[in-house]
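Below: one structure, written as structure tokens.
The values are calculated or read from the model by the stated rules, or taken from the named source; none is laboratory data. Please read all numbers here as calculations on a predicted model, not as lab measurements. Note that we place each Cβ from the backbone using ideal geometry, even for glycine, and neighbour counts take in every protein chain shown.
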Amino acid sequence: MTIEELVVIMFGLPFGIFLILQILIRIIAYLFDKFYISKKMSKATLEFNLPEDGDDFRHAVNGEEYYIALNNIREDVRQIWKYRALPEEQFNLVDEIYKMINERINEANFRG
């Protein structure tokens, strides 16, 4: 059995159309590599003098975890604000805390 016969049996395509599709796939892969994958990403290097800058180093390394924790706290406060029946004084306090957390996050996002 020839390759042409296998292609016709497997894909139901004439061998010529199969070759054209194969060439198109290679062209698309080349273009994708050239314009998307091979672009170099910018890099930033942070340097710390350890152990003197140990706290700053830990903050830089754990920044994403801190941000996630802060967003989880914000969501917890929002859940209290939205779903719990609170007396007006407590509701106002939770509302003020929620706004304060959002302001701090927004301030940090503008600086970064």
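Descriptive notes on the structure:
- Qualifying positions in region 68-88 - in a helix (DSSP H, G or I) and of a type outside the set (A, V, I, L, M, F, W, C): Asn71, Asn72, Arg74, Glu75, Asp76, Arg78, Gln79, Lys82, Tyr83, Glu88
- In region 49-67, the qualifying residues are those that are aliphatic (A, V, I, L, M) and outside any loop (DSSP other than H, G, I, E, B), and the one that is nearest to Asn102 (Cα to Cα) is Ala60.
- Among the residues examined, Asp33 does not qualify as at pLDDT 65 or above, within 30 Å of Glu103 (Cα to Cα) and out of contact with any strand residue (DSSP E or B) (no Cβ under 7 Å at 6 or more places or on another chain).
- Residue-level check: of (1) in contact with a Lys or Arg (Cβ under 8 Å, 6 or more places away or on another chain); (2) modelled with pLDDT of 85 or more; (3) not acidic (Asp, Glu), Tyr83 misses just (1).
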